[in-house]
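What follows is a short report on a single structure.
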């Protein structure tokens, strides 16, 4: 039942990735749903309490669970951990541990120290998840996957910026309109670079990258109308969004 529990959790908490996983081949779902459920649990851990120590303990619980997988121990009883242990190898567990470590930034209200810190956060939270999924699904060039994931991560953080600011966080280094334009262009550059080398990602592993199908329209919107970021108006047209998703899934590709 752990796999079904993961799917239900993702359906409720992460509709975009649920949509992607349901469109994937059945065998791929056995990997995607546990990974996406894990991501839901870790991403929300810093936000379920006002107490930093408790949030840190929640994140540490997941790091300890991954350590059990790394060391080949009997894992703790938990639906997501059970499913994760069934699909995750040692390399994947170590990579996802870096994702959890990066999520500690979400616990506190300090801004990113500099662009390197911001990039490291995006690479860990977006890149580690997408790379782990892609690697487990099939052959892929890590640099290509991470370039694409970087653009996706920027799109995601721009969409979340108003909500994060309302919670006292500073999710972007420069929230001015020129700063938003520059950030959107960085994200688009990552997508373009990945697209130029798309043949280095197999069709099987490319399923994991379809989770970023929304990124290019969002980044173009932020680039052309940066005021929409703070106005919380980066949602794409539902009809166009659906057509884009359908086109990508029917082609079995992610660009």
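The values are calculated or read from the model by the stated rules, or taken from the named source; none is laboratory data. Quick caveat: nothing in here was measured; it's all calculated off a predicted structure. Counting neighbours? That spans all protein chains shown, and the Cβs are built from the backbone with ideal geometry, glycine included.
Among residues of segment 122-137 that are modelled with pLDDT of 95 or more, those with a Cβ under 6 angstrom from a residue that is not in a helix (DSSP H, G or I), sequence gap 6+ or separate chain, pair up as 134/140. Within segment 73-86, the only residue that satisfies the criterion of being surrounded by fewer than 17 Cβ atoms within 10 Å (Cβ to Cβ) and either assigned to a helix (DSSP H, G or I) or touching a residue at least 40 places away in the same chain (Cβ under 8 Å) (or both) is 86.
Taking segment 139-167 as the range and being in contact with a strand residue (DSSP E or B) (Cβ under 6 Å, 6 or more places away or on another chain) and not in a helix (DSSP H, G or I) as the test, only 140 passes.
Within segment 218-252, if we keep just the residues that are under 29 Å from residue 139 (Cβ atoms), surrounded by fewer than 16 Cβ atoms within 10 Å (Cβ to Cβ) and under 21 Å from the mean Cα position of the chain (by Cα), the residue that is modelled with the lowest pLDDT turns out to be 252.
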